[in-house]
Amino acid sequence: MKKLILLPLLISSLFSFSQSVEISGNIGEKKSKLVRLITLGDQFSMLEKTIATTKSDESGNFSLKTKIQSTQMSILAVDLKKGDIFLHNNSRLELEIIKDSSSQQQSIYEQVPLQYNIINDEELNTNIREFNVLYNSFLLRNFNRISRSRSNTIINNFELEMDTVFENYENEFFKNYRKYRIGALELISRRKTELMLMGDYFLNKDILYNNIEYASLFKEVFNNYILSGNSGINLTDLRETINYSTDYKKFDDLISDGNFKLSSDTRLRELIEIVSLAKLYNTRDFNRANIIKYLRQIERNSKFQEHRNIASNYIEKLQYLIWGSQPPLFSLKNTEGQEVNNAQLQGDFVLLAFMKGDSKLCISHITYLDEIRQKFNNKLKIVSLVEGNTNLISNYMYERDYEWHVLEIDDILLIEDFGIKVYPTYMLLNPDGSMASSATPMPDENILPYINSLMKKWNKINNPN
């Protein structure tokens, strides 16, 4: 179920005429904080791209200006806290950020999104918010009835009610937003299969690249399409094609000949293939390297500019922080005031321990980390990267004669760049500074054999004899 403020996101069109938008307001605190406006490279891959940055003044006031090409969902970020906002050409929004009163000890998974009030009247955001309230309330009241009913009457009645409520707001984006979000209720009802919804909403119809709810329903319907029995695609043929052929045309022919004939709708078929390949990338028994090669062929050769862009974004997102990729660069000060950067750590395997300065759990892991360091007999360096004051961690280590770098994170975007959602988080770097793992287990959860296997992988590749 979707929440009111935290909505799915949407890409701006690459082909419309750019017009400026302005967002101003107050962050709700009398201090300077980083304020950013973020959009997506496309709404299918959901690759974030910052398009405007500023800092609030000491009174908390801020102002952002940028350009967009079409009506779109963007993300407003204050430091690392984010909330979604709809923008259209010539938007002029004045906001009041609602101060977060939740516990600072919560992980990012538990925190509510950035909340704000729109001071000046703005029809698009106001109507979308009102619709979302009505939609969420309807779903809460009627979920069991929708999922168990033998007819779509209750859904049809809700759709007619929404047509009446918003009859005076003639906005094409908003109409489609409602249409495809209500369409998702038909999946819940199970009165229509994915194949039936394909015919009703997608086959031989315009692809609404710039409507968030179109993309949301699209991914719900097609995420598992080629692996489902409904597709008519033989799984053995699918595995053999992806695992042993780098010719995207063979994969395309296989999808085209499924039960639901997609040969006549080339644009839809190719978008289904892009989304499906991204899903298969993280599915066992499929060759990741060949999947990336297929996406690169779409990126280079598709006759649809939107698809070249989407494939490119998926490639970037799928390969971010994987084994062998380059990690974000950093240069941080240790407890002695010395700068430590990525290059200085090269030559050994390095376990990066991302910690919160006042976290008891993080401090409790330090003894485990020293035991791990000793068991690898100086083949492994440990570096603690600490958000907040480092005193508790450095004092704990000093009292026990533990010696490794403790670095204070003075750039909050580094936390975002590494994708840190909870503390502690552990990542392993190869001796050349590349990523070995961005999802290393906790020190008390079989981390030793995990690191050892990655060391063997590195040595096998770089010292084959």
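With over 29 Å from the mean Cα position of the chain (by Cα) and modelled with pLDDT of 95 or more as the only criterion, which of Ile298, Ile363 stands out?
Every option except Ile363 fails the conditions.
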Among (1) part of a helix (DSSP H, G or I); (2) loosely packed, with under 13 Cβ neighbours inside 10 Å, Pro464 falls short only on (1)
Taking region 358-394 and keeping residues of a type in the set (Gly, Ala, Ser) and either in contact with a helix residue (DSSP H, G or I) (Cβ under 6 Å, 6 or more places away or on another chain) or within 25 Å of Gly433 (Cβ to Cβ) (or both) leaves Ser384, Ser394
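I'd like the full set of residues that are over 17 Å from the mean Cα position of the chain (by Cα) and either part of a helix (DSSP H, G or I) or touching a residue at least 60 places away in the same chain (Cβ under 8 Å) (or both), limited to region 304-327.
Once the filter is applied, which keeps residues that are over 17 Å from the mean Cα position of the chain (by Cα) and either part of a helix (DSSP H, G or I) or touching a residue at least 60 places away in the same chain (Cβ under 8 Å) (or both), region 304-327 yields Gln305, Glu306, His307, Arg308, Trp323, Gly324, Ser325, Gln326, Pro327.
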Here the residues within region 397-411 that are touching a residue at least 12 places away in the same chain (Cβ under 8 Å), surrounded by fewer than 16 Cβ atoms within 10 Å (Cβ to Cβ) and either out of contact with any helix residue (DSSP H, G or I) (no Cβ under 8 Å at 6 or more places or on another chain) or assigned to a helix (DSSP H, G or I) (or both) are Asp410, Asp411
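Just the residues that are of a type in the set (A, V, I, L, M, F, W, C) and part of a loop (DSSP other than H, G, I, E, B), please, taken from region 335-352.
Across region 335-352, there are no qualifying residues.
Considering Lys279, Lys250, which residue is free of Cβ contacts under 8 Å to residues at least 24 places away in the same chain and surrounded by 15 or more Cβ atoms within 10 Å (Cβ to Cβ)?
When all the criteria are applied, what remains is Lys250.
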Residue pairs qualifying under the 7 Å Cβ cut-off, at least six apart or on distinct chains, with the first in region 353-370 being touching a residue at least 60 places away in the same chain (Cβ under 8 Å) and in a strand (DSSP E or B) and the second being of a type in the set (Asp, Glu) and crowded, with 20+ Cβ neighbours inside 10 Å, are Lys356/Glu387
Exception for Asp432 within (1) more than 28 Å from the chain's Cα centre (by Cα); (2) modelled with pLDDT of 95 or more; (3) assigned to a loop (DSSP other than H, G, I, E, B) falls at (1)
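The values are calculated or read from the model by the stated rules, or taken from the named source; none is laboratory data. Given the structure is predicted, the values throughout are model-derived calculations rather than measurements. Reconstructed Cβ throughout: ideal geometry from the backbone, glycine too, with neighbour counts over all protein chains shown.
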